[in-house]
There are 2 protein chains.
Amino acid sequence: MRTYMLDPASRTPLYEQLYRLIRQDISAGILPGGERLPSKRRLAQHLKISQITVETAYGQLLAEGYVTSAPRRGYFVQRDLAVPPRASFVPRPVQERPAESCFLFDFKTNIVDTDCFPFSTWARLSRAVLTDYADRLLLEAAPQGEAELREAIRSYLLAFRGIEVSAGQIVVGAGSEYLLHLLIQLLGRDRVYALENPGYQKLYQIFEANGATVRAIALDSKGLRADLLGDASAVYLTPSHHFPTGVVMPVPRRMQLLQWAAEQPGRYLIEDDYDSEFRYASRPIPALKELDRQERVIYLNTFAKSLAPSLRIGYMVLPEPLLAEYRRRYSLYAASVPTFEQHTLARFLESGAFERHISRSRNVYKGRLDALLEALRQSPLAPFLEIRGIEAGLHILIRVKNGLREEELVRLAAENGVRVYGLSAYYAPGSRPESATMLLGYAGIASERFQEAVGLLCKAWL
Amino acid sequence: MRTYMLDPASRTPLYEQLYRLIRQDISAGILPGGERLPSKRRLAQHLKISQITVETAYGQLLAEGYVTSAPRRGYFVQRDLAVPPRASFVPRPVQERPAESCFLFDFKTNIVDTDCFPFSTWARLSRAVLTDYADRLLLEAAPQGEAELREAIRSYLLAFRGIEVSAGQIVVGAGSEYLLHLLIQLLGRDRVYALENPGYQKLYQIFEANGATVRAIALDSKGLRADLLGDASAVYLTPSHHFPTGVVMPVPRRMQLLQWAAEQPGRYLIEDDYDSEFRYASRPIPALKELDRQERVIYLNTFAKSLAPSLRIGYMVLPEPLLAEYRRRYSLYAASVPTFEQHTLARFLESGAFERHISRSRNVYKGRLDALLEALRQSPLAPFLEIRGIEAGLHILIRVKNGLREEELVRLAAENGVRVYGLSAYYAPGSRPESATMLLGYAGIASERFQEAVGLLCKAWL
């Protein structure tokens, strides 16, 4: 009879220790299929433990199917316990994220300055929501988003974007990527989606990961070329401020796209209004959605850029026909944003804190933009530069006409401690920009440091 | 010259009022394409406003492309402004949710009693996280989930489920539906997924909405029949406690499935451990993941049942080969759970509050289960009932052998103010249970009320 070493001082009960040890023996084949286990009385005597302990361990093994029992004959090891051998590969620990290399300056575009965020206001509203809603925060959120938040978004859209929709048309979700998953399900994988080229390349990956067919459509100076849409029946657009070139689509092109959408049933325009808040020169151009008379525009926005990337809250406005379809087929999906965050954001919007935050951040970013432009225009680089995209957003484009190719410019800047981003990374495979053009995101760099950063670029490029 | 009515008392600046009115005229065709606008000076005189105001309004119209300008000739309405006519359909307001009918008792299964949730502890931890992390909460969350939360989940899985994984294998997401979207992308749409039949019917919809092919696989008394898997290469399972029949899959069947997975490269088992916390009789059966020696089991769980449905936090544990693939292809996706919630949950787990909460809720639910069973066994219905699924979870099944069909039982109960759920709703189309069986979820009803509820069922069915 095998002796099992039990530890009475352990936090694990004796029966469980015994159960685990016998199970190990069975899994390892030490107790083969068909073998009879010692009787409860004998094993209890042998191990100097109570019979109840053995009985509980055997009971567990029986319940889990490791052993069978036969009346008056005892317990037997289950016969068909084919334990698959351990896989032969040695799992290598996977590195979580590539190490960030060290740059003095990083002109990255996907950054917001969280210092601008009024954290104390947010924390105060969070505490108030915890107190006021208390355990009502535990109830399941409405699948489309909490009514209070959708109402706050509705009224924001009307006041600041001139877009008149009903709160019922708004769908709240955990970021724009999540909303795109939903949207592709709603519009279907069997259609062709037109994406801007150049554009946000992650979109291509998201559409493809969702099994949708995408077509890269070239731009001209007015934005996406409506005459190249071909077999596409849905178009993803950033008309307020094209990413990354900064082109603002003029109204005639918008009309042309709306006309295109109206020509055939089932055509849709997806308007991503991702940074319409940050516009420095004139008032914002009206959204495509504002001009939509035929319910063909799906409006998409997120608070990742205007508030903080850690708040995974985006929303879309569905045209009525799509809304009915969404409710019919997808109300089954649970809400994807915690109730608590939804209420805190609703209060942040209602209280005017969002508006004040945007206007303050706009000033901060405008100051940085001016400092960057000043540094560039006063530098020896100035004669070689053509600057674009300064009306809006959080980055500019500079075309560098010193004869160097894009890759060389990026490499030379890096060697001098400055990270800049070539425009060609935003082009679909097989196409590229006509000239060497860099993206400079300025949201993450303090105004007084641009002089130094531009100095390093001069050193690198001249 | 047209007269525009401007309101100097309005909060909207005069130039913007003028800009909007002219735009309306253009959109309505009142100012046709090619028409020349009045000169700035003349319009200013006509409307008794400053010339700057007109200039700003014209400038905005020009920027947006509503008008063009010709040197020394003035401003002209853009010619190709094809405004699509307003759609002819009248959008009907869509009803948000079907009205809940009024029942005295609702034995629904998808409910947890939020009274059990230690809200004050949660609120205290939330406040502490706001204070301790402050604006670090604004930084973008790690795509796979915050390290602190993944470590807390790792240590929970080891202590309470005996599952040994690394924190690096854990992917946090906004609920299990979101994680399934991810998983289907990772495993691919071109394979056949086997789902339990009966089972959670929403799963069929989720897989199909994601473009995946599903196969409904019948169960026997040991759970899903491994011999019927056919051309499937991934299986979705609830082995700890089958939903909805309550079957606990015995170890030999688990081994058989692990063996099946090991037979061919790329086969995977998706183990949904959705309510393993609520087990009343013996200790929990070991998870399939614990027996996984070949890295073929994807473990999936959520805090929706064990904490509160409003916290949209789930997680999955990826086997090493899939993890590498996930990192390569999907690290581009931003985290889907707010940083704040992740840290609060991490503290809730670390502090032992989760463990205490589970053990307290388990007692509450056990009390309700006992009260329901007592009421059923003492009632005149007892001789007609066969009760199953009492070892775990938050619902039981009763087979009602009084000659009535399922639909009749549901209808008669409803007429007496009690909502019960027929088992056939959990079967794939074309299949149904052998006998009239009801699901009774007891988590949402107080112990002392079961007597009355069962009394109404007797009235309805006898």
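The values are calculated or read from the model by the stated rules, or taken from the named source; none is laboratory data. This structure is a prediction, so every number in the text was calculated from the model and none was measured. With ideal geometry, Cβ positions are generated from the backbone for all residues, glycine too; neighbour counts draw on all protein chains shown. SASA here: full protein model, heavy atoms, side chains in, ligands and nucleic acids out. Shrake-Rupley method; radii C 1.70, N 1.55, O 1.52, S 1.80 Å.
Side notes on the structure shown:
- The stretch A:6-30 versus the stretch A:161-221: alpha-carbon centroid distance in Å: 55
- Size-normalised alpha-carbon gyration radius of the stretch B:93-208, reference 2.2 N^0.38 Å: 1.45
- Scalar couplings 3J(HN,Hα) for the stretch A:215-222, obtained by applying the Karplus form with A = 6.51, B = -1.76, C = 1.60 to θ = phi - 60°, are 10, 8, 10, 5, 10, 10, 5, 9 Hz; x denotes Gly and Pro.
- Degrees separating the helix B:251-263 axis from the principal Cα axis of chain B, which is the longest one: 50
- Computed magnitude of the charge dipole of the stretch A:297-439 (debye, nearest 20; Cβ of K, R +1, Cβ of D, E -1): 200
- Amide proton proximity set for A:Y66, modelled H, under 5 Å, gap of 5+: B:V251
- Shape category assigned to chain B from the gyration tensor of Cα positions, a/c cut at 1.5: prolate
- Cut-off under 5 Å, modelled amide H: who pairs with B:L37 long-range: B:Y75, B:F76, B:V77
- Accessible surface buried upon B-A contact (total; probe 1.4 Å; Å², nearest 100): 8200
- Distance from the stretch B:98-139 to the stretch B:331-395 (C-alpha centre basis), Å: 14
- Karplus-derived HN-Hα couplings along the stretch B:178-185 (A = 6.51, B = -1.76, C = 1.60, θ = phi - 60°), whole Hz, x at Gly and Pro: 4, 5, 5, 3, 4, 5, 5, 5
- Gyration tensor verdict on the stretch A:188-256 (Cα atoms; rounded if a/c is under 1.5, prolate if a/b is larger than b/c, oblate otherwise): oblate
- Simple rule: put +1 on each Lys or Arg Cβ and -1 on each Asp or Glu Cβ in the stretch A:273-359, find the dipole, and look at A:F303, A:A287, A:L332; the Cα lying farthest toward the positive end is A:L332.
- ³J(HN,Hα) computed for each position of the stretch B:305-316 - Karplus, 6.51 cos²θ - 1.76 cosθ + 1.60, integer Hz, glycine/proline x: 7, 7, 10, 7, x, 6, 8, 7, 10, x, 8, 9
- Each principal axis of the Cα cloud of the stretch A:14-77 was evaluated for its coordinate range; sorted largest first, these ranges are 26, 25, 20 Å.
- 0 to 90° range, to nearest 10: angle between helix A:147-161 axis and chain A longest Cα axis: 20
- Under the combined filter of DSSP loop state and at most 10 neighbouring Cβ atoms within 10 Å, the stretch B:124-201 retains these GluC sites (Glu not before Pro): B:E164.
- Order of exposure, largest accessible area first, which applies to A:L14, B:L376 with probe 1.4 Å: A:L14, B:L376
- Annotation note: trypsin sites (Lys or Arg not before Pro) in the stretch B:366-462 located in DSSP loop regions with a Cβ neighbour count of at most 16 within 10 Å are B:K401, B:R405.
- Whole-number percent relative contact order across chain B, with pairs defined as alpha carbons under 8 Å at least 6 apart: 18
- Rounded, prolate or oblate (a/c below 1.5 giving rounded, otherwise prolate when a/b exceeds b/c) for the stretch A:247-357 by Cα gyration tensor: oblate
- Exposure ranking of B:F103, B:F243 by accessible area [1.4 Å probe, largest first]: B:F103, B:F243
- Relative to the dominant Cα principal axis of chain A, helix A:353-378 is inclined by about 60°.
- Around the amide H of B:Y299, modelled in the peptide plane, lie the amide H atoms of B:E271, B:V317, all under 5 Å away and 5 or more residues distant in sequence or on another chain.
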